[in-house]
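The values are calculated or read from the model by the stated rules, or taken from the named source; none is laboratory data. Small disclaimer: the values here were computed from a predicted structure and weren't measured. Here the Cβ positions follow ideal geometry from the backbone for every residue, glycine too, while neighbour counts run over all protein chains shown.
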Amino acid sequence: MHFRTLMAALLVMASTAAMAQQQGVTDKEILLGEVEPLTGPPALLGIAYNVGTKIAIAEANKAGGVNGRMLKLIVEDDGYVSARTLQALRKLIEVDKIFALTSLSGSGASVAALPVVEKAGLPTMASIAPISQLFQPPRKNVFAVGQTYEEGMYQLTRYLAMKFPDKKWGILTQDDDYGATLKGGFGMTARESKLNVVYQADYKKGQQDFSSEMLKVRSSGAEIFLAGGVIAETVGMVRELEKLNAKPVTAMFWPGRVSATLKLMGPAGDGIYAVDYVEAEDSAAYKAFLEKAKTLVGEAEIKAINRYTIASYVSTRVLIEAMRRCGKALTWECTIAEIEKTENFKTGLMGPVNFGKGVRFSSQAVRIMRADFATLSYKPVE
């Protein structure tokens, strides 16, 4: 009996020691961290994403935290520069010693960060830019909620090809991973539907003047134009087309599907096509979310809300619920296992979220939308 008692005591001590060694967790607090562009061209997206994380955390803390522990968030700005992303991640993991990551920043930056987070092993939600490199091949600790750029662009162009058959096509994309994935999705439709592509080119990341490219689009006779920018770039393309009195059917990708972009485009943006996996602004679920957000964050945060806020909120909710299911014995191993078990997780703000054994990507269903300049919003097509 004495031996059994001694062994039991040793097991308890070992368990307690393991818990004590789990970084980012105390009896009263769980420390989370995220990296995103809060300055630079994509800041509109990064700030909005951060607001979604804040709302999810405030909601959890208002309800008593996660099994009695309050959530705290440390945020780092990388300015959409990969070198700064890596620096910020090392600080969060090695200096601040966070428990989990709620964001890995934009597409190219997130890919550059993968070796760091994979080696560290902490639970990581990489949902701000869910490109395929993040989960193909699957990495044990990295999860992405959303849809790939390739699939989104494929569905958008496939819809347009069916609605506007036998037209001439043009596409302009960024000269990086983001642009490459958009071209990949477009290429699938181009081959499948045998599209007549009369203009295809790349622009330099950070480019501001698109007069030359849009003149070539008009000269090519393109009747459907895919504006493959982020935010400012898409606005620049649409405004240049307006100056040239060129009026192709125009479509853009979801980074630009925010009211600020439509406002900057002006009336020229009315009717522009887009694709997304989060709910449109006129949906009941989106409106209910806004009302809830007003009770959890300040006025400045409310003004910053856009589709990236929804993406972040849902992704962070998945992480929080996984941590909650681990009970008081919160560890990386348990949290990763519980995220993997996520099944049919519903928020009403996008389709149900599902992961599974070896599955690190939720593959959300997408919808085609059109811009309504009068209300600065986007509505699903019939």
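Evaluate region 244-261: report whether one residue or more is without any contact (Cβ under 8 Å) to a residue 12 or more places away in the chain, at positive phi and of a type outside the set (A, V, I, L, M, F, W, C). Spell out how you get there, then give the answer.
Narrowing region 244-261 to residues without any contact (Cβ under 8 Å) to a residue 12 or more places away in the chain: 245, 247.
Those left that are additionally at positive phi: 245.
Now drop any that are not of a type outside the set (A, V, I, L, M, F, W, C), which leaves 245.
Checked against the condition, which is being without any contact (Cβ under 8 Å) to a residue 12 or more places away in the chain, at positive phi and of a type outside the set (A, V, I, L, M, F, W, C), region 244-261 yields at least one hit.
Can you confirm whether region 318-337 contains a residue that is closer than 21 Å to Leu45 by Cα and at pLDDT 95 or above? Working first, answer last.
Residues of region 318-337 that are closer than 21 Å to Leu45 by Cα, as a first pass: 318-319.
Then drop every residue that is not at pLDDT 95 or above, which leaves 318-319.
Yes, some residue in region 318-337 is closer than 21 Å to Leu45 by Cα and at pLDDT 95 or above.
Tell me, which residue of region 163-184 that is farther than 18 Å from Val230 by Cβ and either free of Cβ contacts under 8 Å to residues at least 12 places away in the same chain or not assigned by TED's automatic domain parsing to the domain that holds Ala251 (or both) is surrounded by the fewest Cβ atoms within 10 Å (Cβ to Cβ)? Even if it seems obvious, please write down each step before you answer.
If we filter region 163-184 for residues that are farther than 18 Å from Val230 by Cβ, which is where we start, we get 163-170.
From what's left, either free of Cβ contacts under 8 Å to residues at least 12 places away in the same chain or not assigned by TED's automatic domain parsing to the domain that holds Ala251 (or both): 163, 165.
Numbers: Lys163: 13, Pro165: 9.
Only one residue fits best here, namely Pro165.
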Picked from region 303-344 (must be within 30 Å of Leu376 (Cα to Cα) and not in a helix (DSSP H, G or I)), the residue farthest from the chain's Cα centre (by Cα) is Ile305
What single numbered condition from (1) of a type outside the set (A, V, I, L, M, F, W, C); (2) assigned to a helix (DSSP H, G or I); (3) under 26 Å from Leu104 (Cβ atoms) fails to hold for Thr347?
(2)
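Name the residue that is nearest to Gly152 (Cα to Cα), counting only residues in region 185-206 that are of a type outside the set (A, V, I, L, M) and crowded, with 17+ Cβ neighbours inside 10 Å.
Our first condition is that a residue be of a type outside the set (A, V, I, L, M); within region 185-206, this holds for 185-187, 189, 191-194, 196, 199-200, 202-206.
After this cut, where a residue has to be crowded, with 17+ Cβ neighbours inside 10 Å as well, the list is 185-187, 189, 199-200, 202-203.
Numbers: Gly185: 7, Phe186: 9, Gly187: 12, Thr189: 11, Tyr199: 21, Gln200: 19, Asp202: 19, Tyr203: 21 Å.
Taking the candidates together, the pick is Gly185.
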Options Leu71, Leu86; residue that is at pLDDT 95 or above, touching a helix residue (DSSP H, G or I) at 6+ places or on another chain (Cβ under 7 Å) and either outside the structural domain of Leu319 (by TED's automatic domain parsing) or under 20 Å from Arg325 (Cβ atoms) (or both):
Leu71
Index of the failed condition, Ala300 passing every other in (1) surrounded by fewer than 19 Cβ atoms within 10 Å (Cβ to Cβ); (2) part of a strand (DSSP E or B)
(2)
